[in-house]
Amino acid sequence: MWAPSHLTRSSSKRSTTLPAQTRYAGPHTFYALPGRMLIGNLSNVADKGGVTGMAVYNNKGDFVAKYDMPTSAIRTSRAMATVTTLR
């Protein structure tokens, strides 16, 4: 089971659904949100590497969305780029 056993039966789907729906593997951290469950993952199913993301399920255990983690630096402004280069 990918969900902790103390959750309701309806949100305890088998771990085979997460990789098939998200292409992520290794569910690691579970965040309870109002009406949702956010799941952080450790890798992906393609190459078992570190490129991963987070998956969102509703309280019934149905897949809602997935969010890929960025693989490159994120720069939001010129000032932020300057701070990054000074470190």
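Values as computed for the structure displayed
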item	result
Selection within segment 52-67 - β-branched (V, I, T) and more than 14 Å from R23 (Cβ to Cβ)	V56, V64
Candidates S15, S5, S43 - the one that is surrounded by 10 or more Cβ atoms within 10 Å (Cβ to Cβ) and at pLDDT below 65	S15
Lone qualifier among V64, V56, V51 - being closer than 16 Å to G26 by Cα and either modelled with pLDDT of 90 or more or among the aromatic types (F, W, Y) (or both)	V56
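The values are calculated or read from the model by the stated rules, or taken from the named source; none is laboratory data. This is a predicted model, so every value here is computed, not measured. Glycine also receives a Cβ, built like all others from the backbone with ideal geometry; neighbour counts cover every protein chain displayed.
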